[in-house]
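Trainee: My questions will all concern the structure given below.
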Amino acid sequence: MEPDTKKDLKILIADDQQKNIQVLGSLLRQENYIIGVAMNGRQALEMLLQSNDYDLVLMDINMPIMNGIEACKAIREHENLKEIPIIFLTALVESESIVMGFEAGGQDYVTKPFNSNELLARVNTHLELKQNRDSLRQVNNWLEQKVKERTEELTVANSQLLKLDTAKTEFLNIISHEIRTPLHGIIGALGILNEYHLPEEIKELLYIMEISANRLEEFSLKALDISLLNTKGKAILNLNKEDLTDIISSKVNALKSQADKKSISIILQNEGRDICTMLDKTFIDKCVSYLIDNAIKFGNRNSEIFIKTMEHSKNLVVTIEDEGKHFPDNYNFSDIEVFGTNSHIDQNPALSLFLCKKIIEAHNGKIEIGNTQNGAKVSFVLPKIG
């Protein structure tokens, strides 16, 4: 340790022998240490409590009023003095006292008569260790403060994001309601007009208007569901034990007329004995409906759709394969930006797929897409619970 780094370091000498104090004081002052002196253990303790800037204590074991071992124990009872280095000053014959000193919390000892080089080496070593501990503590305190500040910043940011998400959901809810209300009027009016005998070109225009109105309503509902799942996640689910095959069969029956228009046959294959788990029926209904609807929409005429349900490793697996368009080779399902311009494929199945992904993930499941030799394939996995 260089002299200029030691000049502010402060050492307390606790010894009842004036000669020892003079020898130690002279030796340490030559090394530019600041010296304090106590004549017994109680005085040493009082001085340490009054002045919290000592860096090391040289403590004689045998002193009146309070000996070194008793003083060491008393010092260690104070939180701010627990780590100050204490080096005992002892005679060669006091081996038992040395052991007791270590048990009381001392770090080292120096025997009398003193060897100057040995004493300074031990003092320097323990002062360096203390400085390193103090530096490490300062760094840790700084890091803890920075982590605390960052945590507080993130808490505020997350709170603000939650408020923004909530506001966005409420806004979409209002927009969705405001869109659907007039759309119901338009769709109802179109239904009435279709009952009249009108020229074919007018009926064709009405048909286009009806498709557009339905698509706009569907978009608003999907956007609202996505926003709710993004904001509330699993908390929005109303879980009950449901039979997945019943849900799939129900949606197949609901979409049969749509499949019949393209002469598409839907084949159900159930390879599981108990296809029940905890589900939010409303959301799973939507998910299955969107996936079958896409398979019909992009399947070839006079083709088949295969829907397989099975159990695998305590999971329920559903696979839907169609015979039609493949997913593009560069279509990365995990990178879908739901409202991005690059996520639209033909008639925009990306929004439906993204919503299905959110629904399945909210149920602690996963969904994957791929291609077969004849068409596209979508699979989702749900944990079997309950």
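Trainee: At pLDDT 80 or above and either within 21 Å of LYS281 (Cα to Cα) or not assigned by TED's automatic domain parsing to the domain that holds ASN270 (or both), is that true of LYS222?
Mentor: So LYS222 fits the description; yes.
Trainee: Another question about this same structure. Go through (1) exposed (fewer than 14 other Cβ atoms within 10 Å of the Cβ); (2) at pLDDT 85 or above and name the single condition SER95 misses.
Mentor: Tallying (1) exposed (fewer than 14 other Cβ atoms within 10 Å of the Cβ); (2) at pLDDT 85 or above, SER95 fails exactly one: (2).
Trainee: Say we look at segment 58-70 and pick out the residues that are over 19 Å from ARG122 (Cβ atoms) and aliphatic (A, V, I, L, M); which of these is surrounded by the fewest Cβ atoms within 10 Å (Cβ to Cβ)?
Mentor: ILE65
Trainee: Quick one: which of ILE84, ILE75, ILE69, ILE21 is part of a loop (DSSP other than H, G, I, E, B) and assigned by TED's automatic domain parsing to the domain that holds LYS10?
Mentor: After applying the criteria, what remains is ILE84.
Trainee: From the list ASN158, ASN132, which residue is under 30 Å from ILE11 (Cα atoms), modelled with pLDDT of 80 or more, assigned to a helix (DSSP H, G or I) and out of contact with any helix residue (DSSP H, G or I) (no Cβ under 6 Å at 6 or more places or on another chain)?
Mentor: ASN132
Trainee: (1) among the small types (Gly, Ala, Ser); (2) surrounded by 16 or more Cβ atoms within 10 Å (Cβ to Cβ); (3) at pLDDT 90 or above: which one isn't true of ALA121, the others all being true?
Mentor: With (1) among the small types (Gly, Ala, Ser); (2) surrounded by 16 or more Cβ atoms within 10 Å (Cβ to Cβ); (3) at pLDDT 90 or above applied to ALA121, the lone miss is (2).
Trainee: Next question, about the same structure. Looking at segment 304-332, I want the residues that are closer than 20 Å to ILE284 by Cβ and have a partner that is among the charged types (D, E, K, R) and at pLDDT 90 or above with Cβ atoms under 6 Å, at least 6 apart or on another chain. Which pairs are those?
Mentor: Note: pairs meeting the criteria are ILE305/ASP322; PHE306/GLU321; THR319/LYS308; GLU321/LYS377.
For every residue, the table says whether it meets (1) touching a Phe, Trp or Tyr at 6+ places or on another chain (Cβ under 7 Å); (2) buried (at least 16 other Cβ atoms within 10 Å of the Cβ).
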{"site": "SER250", "(1), (2)": "no, no"}
{"site": "LEU255", "(1), (2)": "no, yes"}
{"site": "ALA259", "(1), (2)": "no, yes"}
{"site": "GLN269", "(1), (2)": "yes, no"}
{"site": "CYS276", "(1), (2)": "no, yes"}
{"site": "LEU279", "(1), (2)": "no, yes"}
{"site": "ILE284", "(1), (2)": "no, yes"}
{"site": "CYS287", "(1), (2)": "no, yes"}
{"site": "ILE292", "(1), (2)": "no, yes"}
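Trainee: Out of all the residues in segment 15-30, is one or more at pLDDT 90 or above, within 16 Å of LYS130 (Cβ to Cβ), surrounded by 16 or more Cβ atoms within 10 Å (Cβ to Cβ) and more than 50 Å from the chain's Cα centre (by Cα)?
Mentor: Taking every residue of segment 15-30 in turn, at least one turns out to be at pLDDT 90 or above, within 16 Å of LYS130 (Cβ to Cβ), surrounded by 16 or more Cβ atoms within 10 Å (Cβ to Cβ) and more than 50 Å from the chain's Cα centre (by Cα).
Trainee: Within segment 164-172, does at least one residue satisfy the condition of being out of contact with any Ser or Thr (no Cβ under 7 Å at 6 or more places or on another chain) and modelled with pLDDT of 80 or more?
Mentor: No; the residues of segment 164-172 include none that is out of contact with any Ser or Thr (no Cβ under 7 Å at 6 or more places or on another chain) and modelled with pLDDT of 80 or more.
Trainee: Take the residues of segment 83-121 that are among the charged types (D, E, K, R) and touching a residue at least 12 places away in the same chain (Cβ under 8 Å): which is nearest to ARG42 (Cα to Cα)?
Mentor: The selected residue is GLU83.
Trainee: Among what's in segment 71-80 and is more than 10 Å from MET59 (Cβ to Cβ) and at pLDDT 90 or above, pick the residue that is surrounded by the fewest Cβ atoms within 10 Å (Cβ to Cβ).
Mentor: Filtering first and then ranking leaves GLU77.
Trainee: Using the structure shown, decide if GLY365 is touching a strand residue (DSSP E or B) at 6+ places or on another chain (Cβ under 6 Å), at pLDDT below 95 and on the phi > 0 side of the Ramachandran plot.
Mentor: No.
Trainee: I'd like to check something: does segment 270-277 contain any residue that is at pLDDT 90 or above and either closer than 21 Å to THR372 by Cβ or not hydrophobic (A, V, I, L, M, F, W, C) (or both)?
Mentor: So far as segment 270-277 goes, yes, one or more of its residues are at pLDDT 90 or above and either closer than 21 Å to THR372 by Cβ or not hydrophobic (A, V, I, L, M, F, W, C) (or both).
The values are calculated or read from the model by the stated rules, or taken from the named source; none is laboratory data. All of these numbers come straight from a predicted model, not from anything done at the bench. Ideal geometry is used to build each Cβ from the backbone, glycine not excepted, and the neighbour counts take in all protein chains shown.
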